[in-house]
Amino acid sequence: MQGLVRMGHIVVGAPGIDRCHLHDRLFAALRARSHRVSVLCPDPRAAAFWRAQGQTIVPLRHYPLHASPDAVGELLASTPPDLRRRLGGAFAAMHGFFAQARPHVLLLHQDRGVTSRLLQFAARANGTAVLWTGDGLLPHTLQVDGRGLDGEASIAQRPAGDFRVVRSDRALLDACLANALARTTPFPLPQRTPKPVPWTDRWHLAWQLARDGSGLGAAWRSLWPTAAPRLVQAASTVSCADLLPNRPFVAVLLQDDDDPRLQFDAAQPPRSHELVQVVHAAAKALDPAMVVLVVTPHADTLGARFPGCAVAPASVAIDAAAMATACVTVNHPLASVALLAGTPVLHLGRALYGVRGVATPATLATLPDDLAQALAHDYPTLRQRFLSWVFGHGHVWCSPSHPAHNGMLGLVQTLENRIQQPDDDLPPLRYRPGPAWPLAPV
């Protein structure tokens, strides 16, 4: 049985306004367990928003500059000089905060930009545990990792031999696949309408931005801050299987150009039309009757760029990944559905599932041979053990848009596991990994 947990100090670093419903529920759940929660926002506009929601904002300007900005020169090398100066000063203050306050855990969610990396650097330099969370491989899940997200996660660096000790959980994997194909949404907790930033705080923010060199334009825009997210509605559960080809096909899962997985985990990703051309030639070399289905976020505008291929919208990605003969992508998260269904996956960038033997790494030059080899060699035991660990331990079944009770218990439990203190009087939480349906008892 899991040990009892001592109350801790948890710092949430640079939380995004677009995930305010998730963070709002998390803050309330942590405080209900008597944890101290602080919000660290180097961006004054985000700090003004969270202050309006009643959160405790860390005043970085009150902390001594314990570190030289030169300590993170490599992280700031590609930033403009003015931004580099401001971020360097912010890092020195971050370092001072972690050195003096000594919080137990730093939580970073989704944003993999330079600010989050500076926060991670400062926290680790002062012995604070770090937990990253972000959009999971399956809908309505969160990745949880101490090192990073997707291609930077610790699990993506492990060799296949590390999973020999993992016990395969077929019931969990079958439930994951059924849940994804059914497009179910969790029963969410009630959502609170975000409060607007008061006008007095807006004027103060505008003055602060004008004084620190951000420019009059930024100061003027701060008077009309970004609108708070609306209450999230349940998504449609319509199946798209009728849009798939009626004969064997290879699925190509394309991604938006601004997908952070392409930005951070793919060195010079191939252009969409180049990737499709190579996959088309490789598929026809294996079987002239093979269809290539291109699943793209821009099916209405890019269909003409893929002659000889079937084109479908992104809403088909789950069905296409599950039913294809093979799945090719740079590092699309829904390639995990293909792995759950036993479909070979080839990826051209770093990915959370990029363990050799689970999926097949490929390049444009080697893709024809890699596709033939992936279809000829299958390692189902390794794949099932890997997926059992990923969805049983490396993910929390907490929706970023529809946080539910069980998912919130799992997220709080994951944070509490990072608190390195002796046992106290808080009982452990009863979180159950896996989707609510079809694992829920009838």
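The values are calculated or read from the model by the stated rules, or taken from the named source; none is laboratory data. These figures come from a predicted structure and were not determined experimentally. When we count neighbours, we look across all protein chains shown, and the Cβ atoms used for this are built from the backbone with ideal geometry, even at glycine. Please note that ligands, DNA and RNA were not included when accessible areas were found on the heavy atoms of the full protein model with its side chains. Shrake-Rupley method; radii C 1.70, N 1.55, O 1.52, S 1.80 Å.
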Are there any pairs with C-beta distances below 8 angstrom linking a residue in region 265-276 that is charged (D, E, K, R) to a residue that is open to solvent by less than 30 Å² (accessible area, probe 1.4 Å) and part of a helix (DSSP H, G or I), with the two at least 6 apart or on different chains, and if so which? Asp265/Asp150; Asp265/Gly151
For Phe163, work out the one condition from (1) of a type in the set (Phe, Trp, Tyr); (2) out of contact with any helix residue (DSSP H, G or I) (no Cβ under 7 Å at 6 or more places or on another chain); (3) in a helix (DSSP H, G or I) it doesn't fulfil. (2)
I'd like to check something: does region 328-349 contain any residue that is open to solvent by less than 10 Å² (accessible area, probe 1.4 Å), farther than 16 Å from Asp370 by Cα and assigned to a strand (DSSP E or B)? no
Verdict on Leu352 being within 23 Å of the chain's Cα centre (by Cα) and closer than 23 Å to Asp24 by Cβ: no
Just give me the residues in region 315-327 being among the β-branched types (Val, Ile, Thr) and either out of contact with any Pro (no Cβ under 7 Å at 6 or more places or on another chain) or not in a loop (DSSP other than H, G, I, E, B) (or both), in sequence order. Val316, Ile318
Residue that is surrounded by the fewest Cβ atoms within 10 Å (Cβ to Cβ), among those in region 361-377 that are assigned to a loop (DSSP other than H, G, I, E, B) and modelled with pLDDT of 95 or more: Ala365
Going by the structure shown, is Val358 within 18 Å of Gly151 (Cβ to Cβ) and open to solvent by less than 30 Å² (accessible area, probe 1.4 Å)? yes
Looking at Ala156, Ala123, Ala160, which one is over 19 Å from the mean Cα position of the chain (by Cα) and farther than 27 Å from Asp24 by Cβ? Ala160
Determine which member of the set Gln268, Gln277 is modelled with pLDDT of 60 or more, part of a loop (DSSP other than H, G, I, E, B), more than 30 Å from Gly89 (Cβ to Cβ) and of a type in the set (S, T, N, Q). Gln268
Looking for something in contact (Cβ under 8 Å) with a residue 40 or more places away in the chain, open to solvent by 10 Å² or more (accessible area, probe 1.4 Å) and either part of a loop (DSSP other than H, G, I, E, B) or among the polar types (S, T, N, Q) (or both) - is there at least one such residue anywhere in region 285-296? yes
For region 128-184 the number of residues that are more than 27 Å from Ala322 (Cβ to Cβ), touching a Pro at 6+ places or on another chain (Cβ under 7 Å) and charged (D, E, K, R) is 0
Mind checking whether some residue in region 102-109 is closer than 27 Å to Asn179 by Cβ and open to solvent by 10 Å² or more (accessible area, probe 1.4 Å)? yes
The condition of being more than 27 Å from the chain's Cα centre (by Cα), surrounded by fewer than 18 Cβ atoms within 10 Å (Cβ to Cβ) and basic (Lys, Arg) holds, among Arg271, Arg305, only for Arg305
Considering only residues that are of a type in the set (A, V, I, L, M) and either surrounded by 22 or more Cβ atoms within 10 Å (Cβ to Cβ) or farther than 22 Å from Gln413 by Cα (or both), which ones fall in region 139-159? Leu142, Val144, Leu149, Ala153, Ala156
At least 3 residues that are open to solvent by less than 10 Å² (accessible area, probe 1.4 Å) in each: list the helices (runs of 4 or more DSSP H) lying fully within region 378-439 that qualify. 380-389, 405-416
